[in-house]
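Here is the structure we will look at, set down as structure tokens.
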């Protein structure tokens, strides 16, 4: 009995020790997150939390009503600005069962009255529900349906219901929605009923007043750019003191955010090519409002730099790179963005042969119809890690106009196993130690410890680049290992050398994710990657394994493909592999 009791005590002691360790790790992770958050962000988050609690508790504070009296609505401008981007007709589908809104590769049927808060969409990050309230699908409906949907939304979505800030009156979704309403109003105004015009103007006015008091200064980034675009668009839609105030607030924020959010190399600081494309489109719409006015020259210069980055990070298939969060069709296509940009007087860039964006960490080589891109930069701003992935020293490769080696992409933002995997280092074309992540990702958008990244050297000539970079993301493992990777890249030949400096016997693996059209086979001593037209050989002195994996080219889209894993020696170690395009001459 004594022995049994001692065993129970050991079990209890070990359980307490494990629980204490888990609590400590969670506290440390939270500390790492908070310490990297700016005090002004924390202040603005606290202010919004208090404001929301007070408004819910004291109805008299609810100054924004669903309908503002007509006499309080500013007059409209004599000439309203029409949309500069083509209508997205694919956002609505119609069949025998009715009309369906399409977003995030899902369909939602329109009914009247519409359920604007369907329970099945109130999950996770509520991204699908937010998309429902963006109402971008209004671009694809006729005037009768346009009026019916907006009337239904206004009647069904008064402000200040419980959790109003999460979806229907979320500042981000509101910013997108009001711009769609204003642009579509401008496009259709002569065909709209007079009573409807008054109703939509009053609702717009209410929503904009709400936005002005609920700007997303706690988040910043692309969210705040959406807020700015809404305020500036409103200043070109309405007349009067409110419109002038929205313009003043919008311009002040625009100038401040341009200086911070656009890095000196022209890349958006969240370092997602897809979000760069989205922010570029938003800033184009801001520029159209302020062109030839205050701040337009500065913005034009910023847009010129951004357009070059967009051209450089676009693959030969015409679609954007997938590093970090985003999808191939998340934003307007690069081609449409650059066409609109050119119409606004911004010179259309030519993709560069040698790509070097030292501030964001993107480097590459474009040759003929090939593109090789390397990520050798921070995963995200320390104070805004939401869209960062564990892809330091990863790469993408297109050959003969087709993607061959791809970044994993993003399936969803909900905190699921798929979300965790898509952010993880083992999902990317780089090196893992014991399958650990380079940064401490958790939740849907959070990050604790962050790796420090250095580009040690970059050299190039007209048809070759040589880059060496390193990061310390594994420094908390025994032996404090550092990963150093060297790329030697020419048009049809890539050699990658990995060095793990330090470490203590950790399992070192390098991974390569193939586009779904490509298969891998072993013929004698040669590993062949092929789609039947393009053949690439993979050579290394280390064991190679093939496994099924998933590619997420767009939200809600998962395609089965193949991941190659190369098992290097245990840390510390040095290893390499080579990829060569096989030409018709052998």
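Since every read-out is calculated from the coordinates, none of them should be taken as a lab result. Bear in mind that the values here come from a model prediction, so they are computed numbers and not experimental data. Using ideal geometry, Cβ is built from the backbone for each residue, glycine included, and neighbour counts are taken over all protein chains shown.
Data for the structure
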| item | result |
| --- | --- |
| Gap separating the Cα centres of the stretch 415-494 and the stretch 217-253, nearest whole Å | 38 |
| Alpha-carbon Rg with Dmax, taken over the chain, Å | 26.1, 92 |
| Using alpha-carbon coordinates, inclination of helix 194-213 to the longest axis of the chain, degrees | 50 |
| Between the stretch 81-127 and the stretch 346-395, the alpha-carbon center distance in angstrom | 33 |
| When the convex hull of its Cα atoms is projected in every direction, mean area for the stretch 445-581 (nm²) | 10.4 |
| Nearest-ten-degree value, helix 143-156 long axis tilted from longest Cα axis of the chain | 90 |
| Helix-only [θ]222 nm of the chain, DSSP H runs n ≥ 4, -39500 (n - 2.57) each, per residue, nearest 500 | -11500 deg cm²/dmol |
| Cα-based Rg of the stretch 92-214 normalised by 2.2 N^0.38 Å, two decimals | 1.02 |
| Peptide ranges 472-481, 188-197, 342-351 listed from the most packed, as the mean C-beta count within 10 angstrom indicates | 472-481, 342-351, 188-197 |
| Between 0 and 90°, nearest 10: helix 221-235 axis offset from the chain longest Cα axis | 20 |
